[in-house]
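Enquirer: Okay, here's the structure, questions in a sec.
Each reported figure results from applying straightforward, stated rules to the coordinates on display, with no laboratory input. For clarity, every value in this text was computed on a predicted model and none was experimentally measured. Positions of Cβ are backbone-derived with ideal geometry, glycine not excepted, and every protein chain shown enters the neighbour counts.
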């Protein structure tokens with residue numbers, strides 16, 4: 001498995017975690033837990049942005065990701 005593939009897999013996993021945290025925040029009645037889940041989802045957005053940036057960088061730099 002290439003680094004690019006691993007990063008794309010990590011990106012997909014991060015998006016899944018973010019979605020789960022947002023769902024938990026909506027489902028809970030406990031305000032403290034709701035805030036913890038919401039904060040976690042916000043942190044995951046930052047991680048996702050970083051991974052997306054890295055994927056774009058790899059696609060620019062590595063010819064095998066451009067179909068050449």
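Enquirer: In the list 23, 53, 5, which residue meets the criterion of being exposed (fewer than 11 other Cβ atoms within 10 Å of the Cβ), assigned to a helix (DSSP H, G or I) and over 9 Å from the mean Cα position of the chain (by Cα)?
Expert: 53
Enquirer: Do we have residue 15 as touching a residue at least 24 places away in the same chain (Cβ under 8 Å), within 30 Å of residue 64 (Cβ to Cβ) and either exposed (fewer than 15 other Cβ atoms within 10 Å of the Cβ) or within 17 Å of the chain's Cα centre (by Cα) (or both) here?
Expert: yes
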